[in-house]
Amino acid sequence: MSFETLQVRVEPGVLRVTLDRPGKQNSINGAMLNELNAVLDQAEASPTCRMVVLEGGDGVFCTGMDFADATRDDHATDDLARRGGEEFFGLLDRLTTMPRVVVANVDGRVAGGGVGLVAASDLAVATPRSTFGLPEALWGLLPCCVLPFLIRRVGFQPAHAMTLTTLPVSADRALATGLVDEVVEDFTPVLRRLRARLTKLDTATIGDAKHYLRRMWFLSAETEQTAVTEFSRLMSSPVVRQRLGAFAQRQAFPWDSPAGTGARP
């Protein structure tokens, strides 16, 4: 299959998916959402695939929503914002239940919805230079669709702090809170070890485990409704859209500048 926003490589037992919008800091637009779902379809259709690896490139994993795309239409309606929220929440939800092990390989910056991709993955591995941030409150927005999955992963207080401070956290801090499972210089040995182990499991067993574990936590239809409704409300605000539009023009996060606070230790 040919993709516009992804690079996909098939390896024995593994489908490697590289987010490929370098000019947009690997931000998520409608095309990427559609293509990610198509890739997950491909993984589920393969009887030999046990693991889906999500990764970025050039020091950026994913910076969340493409704000330039989201704010292009000044007359966007609540319905459009709701549909975008539903599609993104649906993708994160699918990662938590699909009968394949999803691994996020993080090397560099992760922000906004990218944190959601990491949190919804079964396993996450990061390099020491990686950082994780939720800057949405700076624009009057909130990481509505990310937070249910982030709280599920790290607990309430770390997610609370990331949301209110908007400060990025370091790879070591992400490891300490459980947002990532390992911090390594080289992904290869980790993936080799996982592949050797996962090929011993049936896909049905992986699916059963993920569905059972999902029932041990609070994600529900009501959670999704709350997240999508609040995201739609905030995205319809003229102030939010103005701030997002200004950010989209310069595409620089607050911690990119010399005056930025940098990552927390």
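Scan region 225-247 for residues that are among the polar types (S, T, N, Q) and open to solvent by less than 40 Å² (accessible area, probe 1.4 Å) and the total you get is 2. For the condition outside any loop (DSSP other than H, G, I, E, B) and surrounded by fewer than 15 Cβ atoms within 10 Å (Cβ to Cβ), R173 does not qualify.
Contact map, region 6-23: first residue open to solvent by 70 Å² or more (accessible area, probe 1.4 Å), second residue in a strand (DSSP E or B), Cβ cut-off under 7 Å, separation 6 or more or different chains; pairs are Q7/T18; R9/R16; P22/G57. Contact annotation: residue pairs with Cβ atoms under 7 Å, 6 or more positions apart or on different chains, pairing a residue in region 34-50 that is open to solvent by 80 Å² or more (accessible area, probe 1.4 Å) with a partner that is not charged (D, E, K, R), are T48/G13.
The set of residues from region 1-25 being assigned to a loop (DSSP other than H, G, I, E, B) and under 20 Å from L191 (Cβ atoms) comprises P12, G13, D20. Filtering L194, L175 for residues that are touching a residue at least 60 places away in the same chain (Cβ under 8 Å) and either within 28 Å of M51 (Cα to Cα) or not basic (K, R) (or both) leaves a single hit, L194. For region 70-100, a residue qualifies if it is closer than 19 Å to A38 by Cβ and either modelled with pLDDT under 90 or assigned to a strand (DSSP E or B) (or both), and the qualifying residues are R83, G84.
Conditions tested, residue by residue: (1) in a helix (DSSP H, G or I); (2) touching a Gly at 6+ places or on another chain (Cβ under 8 Å); (3) basic (K, R).
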residue	(1), (2), (3)
F149	yes, yes, no
H160	yes, no, no
L167	no, yes, no
L179	no, no, no
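Of all the residues in region 198-255, those that are of a type in the set (F, W, Y) and closer than 24 Å to A111 by Cβ number 4. Scanning region 121-170 for residues that are of a type in the set (S, T, Y), within 19 Å of G56 (Cβ to Cβ) and either open to solvent by less than 20 Å² (accessible area, probe 1.4 Å) or without any contact (Cβ under 8 Å) to a residue 40 or more places away in the chain (or both) yields a total of 3.
The values are calculated or read from the model by the stated rules, or taken from the named source; none is laboratory data. All figures in this text were calculated on a predicted structure; none of them were measured in a lab. Methodologically, a virtual Cβ is constructed for each residue, glycine included, from the backbone with ideal geometry; neighbour enumeration extends over all protein chains shown. Heads up: the accessible areas ignore ligands, DNA and RNA and are worked out on the full protein's heavy atoms, side chains in. Shrake-Rupley method; radii C 1.70, N 1.55, O 1.52, S 1.80 Å.
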